[in-house]
Structure formats: C-alpha cells, structure tokens
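Asker: This is the structure I want to talk about, given as structure tokens.
The numbers here are math on the coordinates, done by the rules we state, and not lab data. The model shown is predicted, which means the values in this text are computed figures rather than measured ones. Don't worry about glycine lacking a Cβ; one is built from the backbone with ideal geometry, like all the others, and counts go over all protein chains shown.
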Amino acid sequence: MSNPAIWQPLSWDSDFLGFPVARLTTTGQSAAALRSAIAAARNAGQRLLYMVADPADAVVVAVAKATGAWLADRKVTFVMPLSPSRTFQPVAAIGTATHYSPQLESLAWQSGEYSRFRLDTHFAPTVFQALYSQWLRNSLAGIIAQRVLVWRDAAGRELGLLTLGEKNGRADIGLLAVDAVARGQRVGQQLVAAAQAQATAWGYAQLQVVTQRDNEPANRFYEKCGFRLAHEEHIYHLWLD
C-alpha cells in the first residue's frame, strides 16, 4: 500500500501536463521509506515525481542518485523587509495591466529562462511556453496575483513585467522580466521599487521572490535591490516510465 503522507498526486500539474504527476515528501524519511514510496507511486501509474528536499539531506541525495532522479531546480527564496515609513517616488513609465498581449507573453517566457520545465528535456518546448502563458493569464485575471505591473516606453511598448501576489503571509513577486532591448535602463529596479510601494500600501511587512540558485544574474540583482537569501530547497524530477 502507498503512504499518502509521503507522496501525493498533484491534480493541477497532472491535468495541465496530461499525465499523472505527484509530489514526494522527503523530510524525515528513511531511504527504505523513500524507495517504497517511489515503487508505490510507480505501481499507481504516476509518471513523474517531484522530490522536494533539503539540500543537506544526504539520504535524499543518495536515493535521488540511485534512482536516476534529476536535480531540476535549486530553488531559493529571497526576502526583504518593508517599512511603512519609507516613501516611494512614482515612475511614470510604470502602470498596470489587466489584459493579455503578445508582448506580455514574450516577457513571461523570458522570465522563465532557468525554469525546470524549460530545462528538463523530457518536456517539449511548448510545455514551458504554455505553462508560463497560463501563469500570465491567471495573474492578469487576478487568480494568482493581486496586481500586474508593467513598464512601458514612450511608444507604449510593454518592456517590463512584474506580477505581485501573496504567499505564506508575504507579498510575493511571481513573474519578473525585462525585455532584452530595455536592459541596462534600471527597469527591473524600478519595477521592484513599485512592488515595494504597493506591498507596503497593502500592509505587508515583507516582500519575497523565488528564483533559481543557478540563475546567478537574478540572484545578484535581488541582492542589489536589498533582498536577502532566506531559504533554499532542491527539487528533483524522477520520471517513472
């Protein structure tokens, strides 16, 4: 019998990807328990397991290596404190968006350059694109974001994107991207400052953003903006077919 406390089917991922996907909880599990759960998931017809682990968990690392799991994402969370006494100067180029556009979709795709769904060669390239397009649409519809901030140039072109929502009691940056033609103009910094101002106005005490450890330019950018590393976890992809 499978242990539902160890692995759980993921309905959204399964529906979106078109095959059974589950999440394997690894914290505090022995190697034998993990192997048993993997076998049970395979027998239950799961095709893909996400193994989410503490980077320092030697048991998980050993099981992942032995089973052929791929380290798909060294996921890092950066956090900054927000002060209600701080004032922010509005930036005329930054507004909001509520409707989809091809340029916003392009920015959403650019934000996922280091996404595990793009880098895992088991997925077709269209999977990554469809996933980030859906992320954008859900953000614009207010399903997973409370505000979509957009930086527009003088011609009205949408060249910067930041989606702002909530996660774990913090204001949360979801998608953040600056088009290649606008980089080096402090567009990203202006968008983050606008997110700080909005999150502060909403009453949040902290602003967070999740990215990949391997995305070194993003890590440096967030640290320059005042974020500090708060948490890291590793996500393995274990294909069972």
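Asker: Give the angle, between 0 and 90 degrees and rounded to the nearest 10, that separates the Cα long axis of helix 31-43 from the longest principal axis of the Cα atoms of the chain.
Answerer: 90 degrees
Asker: Run the simple label-point estimate for Arg137 and Ala201 please: 7 Å along Cα→C-beta, distance reported in nm.
Answerer: 2.9 nm
Asker: Can you pull out the trypsin sites (Lys or Arg not before Pro) in segment 80-128 whose DSSP state is coil and whose Cβ has at most 13 other Cβ atoms within 10 Å?
Answerer: Passing sites in segment 80-128 are Arg86.
Asker: Follow-up question, since we're still on this one. Mind checking the log10 I(q)/I(0) for segment 1-111 at q = 0.16, 0.17, 0.19 Å⁻¹? Debye, one equal scatterer per Cα, no solvent, two decimals.
Answerer: -0.85, -0.90, -1.01
Asker: I would also like to ask the following. Note the angle between two axes, namely the Cα long axis of helix 187-202 and the longest principal axis of the Cα atoms of the chain, as a number of degrees from 0 to 90, rounded to the nearest 10.
Answerer: With both axes taken from Cα atoms, the answer is about 90 degrees.
Asker: Related question: Please give the Cα centre distance for segment 45-98 versus segment 130-158, rounded to the nearest Å.
Answerer: Cα centroid of segment 45-98 versus Cα centroid of segment 130-158: 20 Å apart.
Asker: Quick one: order Ser36, Ser83, Ser101, Ser111 by neighbouring beta-carbon count within 10 Å, fewest to most.
Answerer: Values: Ser36 17, Ser83 10, Ser101 14, Ser111 22.
Least to most surrounded, the residues fall as Ser83, Ser101, Ser36, Ser111.
Asker: Pairing the Cα long axis of helix 216-225 with the longest principal axis of the chain, what angle in degrees results, from 0 to 90 and rounded to the nearest 10?
Answerer: Result, in degrees: 50.
Asker: Pull up the cross-link candidates among the aspartates and glutamates for Lys65, meaning alpha carbon to alpha carbon under 14 Å and not fewer than 8 places away within one chain.
Answerer: Result set, ordered by chain and number: Asp57.
Asker: Among DSSP beta bridges whose residues both lie in segment 1-136, state the antiparallel percentage, nearest 5. Please report the intermediate quantities before stating the final value.
Answerer: On the way: 3 of 8 bridges.
The answer is about 40 percent antiparallel.
Asker: With both bridge residues required to lie in the chain, what share of the DSSP beta bridges run antiparallel, to the nearest 5%?
Answerer: So the antiparallel bridges amount to about 85 percent of the total.
Asker: Just tell me which lysines come within less than 27 Å, Cα to Cα, of Lys224; anything on the same chain fewer than 8 places away is out.
Answerer: Cross-link targets: Lys75, Lys167.
Asker: Compute the normalised compactness of segment 79-232: alpha-carbon radius of gyration over 2.2 N^0.38 Å, N being the residue count.
Answerer: On the way: Rg = 14.9 Å, N = 154, 2.2 N^0.38 = 14.9 Å.
Output field value: 1.00.
Asker: At 0.36 nm per residue, and after removing the present C-alpha to C-alpha distance, how many nm does the segment from Arg86 to Gln146 gain when stretched out fully? Mind dumping the intermediate values first?
Answerer: Working: separation 60, 0.36 × 60 = 21.60 nm, distance 2.16 nm.
Additional length available on full extension: 19.4 nm.
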